[in-house]
Structure formats: structure tokens, C-alpha cells
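Student: Next up is a structure, given as C-alpha cells.
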Amino acid sequence: MLAFLPQLALAGPPQVPGQALFQKNCARCHGANGKKGLNGAHDLTKSNLNAFGRTYLVTNGMGKMPAFGKVLTPAQVQQVVAYSLTLK
């Protein structure tokens, strides 16, 4: 049992659902912390959009933001939205 402790220490904090999807699909423009704003991306930490509005935007896109409705499953979209709401 103790042999696994060093491996657990190296693993780092666990990712919350949606975080890996956000990092893969959104962080390029929004930044890992949601504040980057590349290519006109909004600062997600200051967004007034609720989960419904964010779900619509992630699914359908708008402006320079691509639609992810055909890339992500509905469950994955919800995970990304939930994670984006944690960014402060």
C-alpha cells in the first residue's frame, strides 16, 4: 500500500469533470483560467451568461467561436459548461 504513495503525490490534484475537455477545446482562446481573450474570446470569469446561455454558445458557436455541437456529446457540453461556471 505504501508503495503507491509516491505515485499519488506525482499525480497532482484530480481534474474536475469538464476540465480536460475545456483544456483541449477552449483554452486556446479562453485560456486555462478563462481570462485569455485570444481572437476576441470573452473573459469567462466576468461572463454574465448562465448555464443555458453557455450551453447554447458551446453547442452552436457565435462569431469567431466555433460550434462544438457535432464535436462533443451533449453530456460533454454540459461538463464543459459546468466547468466554465467554476472559473472565477
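The values are calculated or read from the model by the stated rules, or taken from the named source; none is laboratory data. What you see is a predicted model, and the numbers here were worked out from it, not measured in a lab. Heads up, the Cβs are rebuilt from the backbone with ideal geometry, glycines too, and the neighbour counts pull from every protein chain shown. To get the accessible areas, we keep the full protein, side chains included, count just its heavy atoms, and leave off ligands, DNA and RNA. Shrake-Rupley method; radii C 1.70, N 1.55, O 1.52, S 1.80 Å.
Student: So, in region 46-88, exactly how many residues are touching a helix residue (DSSP H, G or I) at 6+ places or on another chain (Cβ under 8 Å) and among the basic types (K, R)?
Tutor: 3
Residue by residue, here is whether (1) touching a Cys at 6+ places or on another chain (Cβ under 8 Å); (2) open to solvent by 90 Å² or more (accessible area, probe 1.4 Å); (3) among the small types (G, A, S); (4) modelled with pLDDT of 90 or more holds:
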| site | (1), (2), (3), (4) |
| --- | --- |
| M1 | no, yes, no, no |
| L8 | no, yes, no, no |
| N25 | no, no, no, yes |
| R28 | no, yes, no, yes |
| K35 | no, yes, no, yes |
| K70 | no, yes, no, yes |
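Student: Restricting to region 37-56, give me the number of residues that are out of contact with any Cys (no Cβ under 7 Å at 6 or more places or on another chain), more than 19 Å from Q19 (Cβ to Cβ) and assigned to a helix (DSSP H, G or I).
Tutor: So the answer is 5.
Student: I would also like to ask the following. L85 - would you say it is free of Cβ contacts under 8 Å to residues at least 60 places away in the same chain, open to solvent by less than 70 Å² (accessible area, probe 1.4 Å) and touching a Lys or Arg at 6+ places or on another chain (Cβ under 8 Å)?
Tutor: yes
Student: In region 57-82, what residues are without any contact (Cβ under 8 Å) to a residue 12 or more places away in the chain and either part of a strand (DSSP E or B) or at positive phi (or both)?
Tutor: The answer is G61, M62.
Student: May I pose another question? Please indicate, with yes or no, whether at least one residue in region 65-82 is within 15 Å of C29 (Cβ to Cβ) and within 10 Å of the chain's Cα centre (by Cα).
Tutor: Taking every residue of region 65-82 in turn, at least one turns out to be within 15 Å of C29 (Cβ to Cβ) and within 10 Å of the chain's Cα centre (by Cα).
Student: Scan region 15-29 for residues that are in contact (Cβ under 8 Å) with a residue 40 or more places away in the chain and either part of a helix (DSSP H, G or I) or at positive phi (or both) and jot them down. Walk me through it before giving the result.
Tutor: Start the filter on region 15-29 by keeping residues that are in contact (Cβ under 8 Å) with a residue 40 or more places away in the chain, which leaves 16-19, 21-22, 25-26.
Answer for region 15-29, where residues must be in contact (Cβ under 8 Å) with a residue 40 or more places away in the chain and either part of a helix (DSSP H, G or I) or at positive phi (or both): G18, Q19, L21, F22, N25.
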